[in-house]
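Nothing in this text is a laboratory measurement; each read-out follows from the coordinates by a stated rule. Given the structure is predicted, the values throughout are model-derived calculations rather than measurements. Don't worry about glycine lacking a Cβ; one is built from the backbone with ideal geometry, like all the others, and counts go over all protein chains shown.
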Amino acid sequence: MPYERTNIRQLAPYVPGEQPDIPVFAKLNTNENPYPPCAAMLEAMCGINAEALRRYPDSTARAFRHAAAAVHKVEPDNIVATNGGDELLRLAITTFAEPGTPIAVAQPSYALYPVLAGIHGCSTLRIPLGDDWALPDRFIQDLCSSTARLAILVNPHAPSGRLTDVGRLDEIARAFRGVLLVDEAYVDFVDPALNHDSLPLVSRNDNLLLLRTLSKGYSLAGLRFAYGIGAASLIAPLLTKTKDSYNTDAIAQHLATVALTCRADAAATWAQVRRERDRLRAALAERGIPSPPS
Ligand SMILES: *Cc1c(COP(=O)(O)O)cnc(C)c1O
């Protein structure tokens, strides 16, 4: 006899990307950064003091939150550190979505969102993207006429790579009477020439939560470290009520803080990924295979 709750029994599980044991030329099937983490990472790992592991980690990752606040020119109260971006998604759902209500997402997007919604006893309201992968004009109308109180948008979009501009996100956040979570897992890779910066929206919209992760941009998917940026009033319940007391471990906190100090090394990989993208796109076009701007 199954003992799970009905919604768990009925849930179609998320299938994580395959992690093959065999050496492969370039493993990219879960969108890892193909370049290694910065050189300071190895040094920092070797410098870890085993004796310090006797104690519990700082429960809110204060040193990391101070470092991230300095990078983004916000306050530590605007930051919550999490065990990967996936934990932030789960926390946001736990904190902001009433069980039984829908969680709004664009269709298609990250396949984990509906699974996390289902675990929490929420349905998923899927708002289809246009043929050009853009949010449809009626997105705000569809969202605001629904009973959803949490919406999750991935920007740049996965899987298409399309970027929604900051003005549009501002418009959505302002119109929506719920929390807008913008999953910026890939934002580091946006061409700096576009001057895309969603941070100013945080001070204007107390319902906007940005997700940042070290998994892709910093080549640290194995570390499991990410963070949310939002108004202090939005971050406070995550930080003090819904996250596990020790959701990020001492080693990860230390290495994540070091990673932020080598942003310039990470940024060199972002530029390299963009160059390779352009090369791939051109090679595909030469063979008559079109690809949308990414
Ligand atoms: C990779 C990814 C995340 C977060 O991954 P973590 O490794 O848990 O930080 C979130 N959203 C999207 C769309 C992703 O591709």
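A few comments on the model shown:
- Normalised by the number of residues in the chain, the mean separation of alpha-carbon contacts (under 8 Å, six or more apart) gives a relative contact order of 24 percent.
- If you sort the three axes of the alpha carbon gyration tensor as a ≥ b ≥ c, you get a/c of 1.5 or more for the stretch 158-201 and a/b above b/c, which makes it prolate.
- Pairs of Cα atoms farther than 15 Å apart, the stretch 177-252, %: 63 percent
- Spin-label pair T261/N195, simplified geometry with 7 Å Cα→Cβ offset, distance in nm: 3.3 nm
- Residue order, fewest to most surrounding Cβ atoms within 10 angstrom, among W270, W133: W133, W270
- Burial ordering of S145, S160, fewest other beta-carbon atoms within 10 Å first: S145, S160
- The Rg/Rh ratio for the chain is 0.96, where Rg is the radius of gyration of the alpha carbons and Rh is the Kirkwood radius.
- Calculated log₁₀ intensity ratio I(q)/I(0) where the Debye formula runs over C-alpha points of the stretch 1-105, q = 0.13, 0.14, 0.19, 0.22 Å⁻¹: -0.93, -1.05, -1.27, -1.29
- Exposed loop sites here are GluC sites (Glu not before Pro) assigned a DSSP state other than H, G, I, E or B and surrounded by at most 14 other beta carbons within 10 Å; excluding them, the longest clear run of the chain is 19-294.
- Efficiency of FRET between R177 and Q272 - r from beta-carbon atoms, R0 45 angstrom, step 0.05: 0.60
- At an R0 of 30 angstrom, the distance between the Cβ atoms of S245 and A158 translates into a FRET efficiency of 0.45.
- Fully extending the segment from C46 to R287, taken as 0.36 nm per residue of separation minus the present Cα-Cα distance, adds 82.0 nm.
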